[in-house]
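Take a look at the structure set out below.
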Amino acid sequence: CQGSKGELHEFGSHWKTEDCYDCSCSREGINCCSSFATPADYDKEKCVSIFIKETCTYKVVEKDDHSKECPVHGWVA
């Protein structure tokens, strides 16, 4: 299988992309899905979600003070 940046992967191989997607290669092609959950139910007027690439997670914080986390009531995988 040939990846999005031209890299070759063997059939049956698995890897994680730099954008936090879990991928696999089979004779049918490449299949990728997100390895993280996205916050969906939080106060979007008061808060903002920030993706942390190093840990493949989101943090939801107040727009005016990023040191204060906001409660999240629902996530989408």
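The values are calculated or read from the model by the stated rules, or taken from the named source; none is laboratory data. What you are looking at is a predicted structure, and each value in this text was computed from that prediction instead of being measured. No Cβ is skipped: glycine too gets one built from the backbone with ideal geometry, and neighbour counts run over all protein chains shown. Note: areas computed on protein heavy atoms with side chains; ligands, DNA, RNA excluded. Shrake-Rupley method; radii C 1.70, N 1.55, O 1.52, S 1.80 Å.
Per-residue HN-Hα couplings for the stretch 2-17, Karplus 6.51 cos²θ - 1.76 cosθ + 1.60 at θ = phi - 60°, whole Hz, x for Gly and Pro?
Running phi through 6.51 cos²θ - 1.76 cosθ + 1.60 with θ = phi - 60° gives 10, x, 5, 9, x, 6, 9, 10, 6, 4, x, 8, 9, 7, 10, 7 Hz.
Rolling a 1.4 angstrom probe over the protein chains, ignoring ligands and nucleic acids, what is the accessible area of Thr17 in square angstrom, nearest 10?
For Thr17, solvent-accessible area is about 50 Å².
Can you return the aspartates and glutamates within cross-link range of Lys63? Criterion is Cα-Cα under 14 Å, with same-chain partners fewer than 8 residues away left out.
List returned: Asp43, Glu45.
Ordered by residue, what ³J(HN,Hα) values in Hz, to whole numbers, does the stretch 68-77 give under the Karplus form 6.51 cos²θ - 1.76 cosθ + 1.60, where θ = phi - 60° and Gly and Pro are x?
With coefficients 6.51, -1.76 and 1.60, one gets 9, 7, 9, x, 10, 9, x, 10, 10, 9 Hz.
Identify all lysines with a Cα-Cα distance to Lys68 below 25 Å; exclude those on the same chain that are fewer than 8 residues away in sequence.
Leaving aside lysines fewer than 8 places away in the same chain, those within reach of Lys68 are Lys44, Lys46, Lys53, Lys59.
Calculated FRET efficiency, Tyr58 and Cys32, Cβ-Cβ r, R0 25 Å, to nearest 0.05?
0.85
Using amide H atoms built in the peptide plane, which far-off residues or other-chain residues are under 5 Å from Cys70 H to H?
Val60, Val61, Glu62
Pop out the ³J(HN,Hα) list for the stretch 23-39 in order, Karplus 6.51 cos²θ - 1.76 cosθ + 1.60 with θ = phi - 60°, rounded to Hz; leave Gly and Pro as x.
10, 9, 10, 9, 5, 7, x, 9, 10, 10, 9, 5, 9, 9, 9, 9, x
Quick one: compute the contact order of the stretch 18-71, relative version, from alpha carbon pairs under 8 angstrom and 6+ residues apart, as a percent.
26
DSSP loop (so not H, G, I, E, B), at most 15 other Cβ within 10 Å: list which chymotrypsin sites (Phe, Trp or Tyr not before Pro) in the chain pass both filters.
Phe11
Please work through the chain and write down the cysteines that have no neighbouring cysteine Cβ at a distance under 4.7 Å.
Those would be Cys33, since no other cysteine Cβ in the chain comes under 4.7 Å of theirs.
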